[in-house]
1. So what is Rg over Rh here for the chain, counting just Cα atoms and using Kirkwood for Rh?
2. Could you give the angle, 0 to 90 degrees to the nearest 10, between helix 87-102's Cα long axis and the longest principal axis of the Cα atoms of the chain?
3. Kindly list the residues of segment 112-134 that lie in the label zone of VAL84, defined by a backbone N under 17 Å from the point 7 Å along the Cα-to-C-beta vector.
4. Enter the per residue convex hull volume of segment 10-64, computed from alpha-carbon coordinates, in Å³ rounded to the nearest integer.
5. Accessible area per residue for the chain in Å², computed with a 1.4 Å probe and the full protein assembly in place, what is it?
6. Using the alpha-carbon atoms, what tilt in degrees (0 to 90, nearest 10) does helix 112-133 show relative to the longest principal axis of the chain?
7. Return the FRET efficiency for the residue pair ALA4, VAL118: r is the Cβ-Cβ distance, R0 is 30 Å, and the value is rounded to the nearest 0.05.
8. Over segment 1-49, with every protein chain in place, what whole percent of the accessible area is carbon and sulfur at 1.4 Å, could you tell me?
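The values are calculated or read from the model by the stated rules, or taken from the named source; none is laboratory data. Because the structure is predicted, anything quoted here is derived from the model rather than measured. In this analysis, Cβ positions are derived from the backbone assuming ideal geometry, glycine residues included, and neighbour counts consider all displayed protein chains. We work out accessible area using only protein heavy atoms, side chains counted, and drop any ligands, DNA or RNA first. Shrake-Rupley method; radii C 1.70, N 1.55, O 1.52, S 1.80 Å.
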Amino acid sequence: MRTALRKAASHPAAAPLSVLAAGAAGAVHLYGTNPHEAGQWLLRCPFNWLTGLDCPTCGATRMVYDLMHGDVVAAFHDNAALLVLGVPVGLFLGWRWVREGLRGRRYRPSPGRVLTAVALTLTALWGIGRNLVG
């Protein structure tokens, strides 16, 4: 029995399928919990709590809530950069991770130095810009 569990847990699809299951559970909770209203049982951004500033991903919970309820305009206002850039990239990488895992292969993306530098620069600029403007 232990050998079968170890084998299943070490399969390349175990991690992405576990993340999908946890994400689905989180989505079920978030669907009925409006993060736009005060007093909801949701975690606050630690960066915002410490500094009072918005981090580059602040608004992501509200954005996902709005997307699940079909309000793309409100989602854009919650975090435009994450909606336009982060969601498509995240969906693509997640899809590849699950697909490769189900094929019995491990997926380890390697973006390289230039793409990493571009991503970090855009993230920093968005984080700074949204605090200066808003």
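1. In the chain, Rg relative to Rh is 1.03.
2. 10
3. Zone members listed by number: 119-134.
4. Measuring per residue, one finds 114 Å³ for the Cα hull of segment 10-64.
5. 73
6. 30
7. For ALA4 and VAL118, the calculated efficiency is 0.10.
8. Ligands and nucleic acids excluded, carbon and sulfur reach 67 percent.
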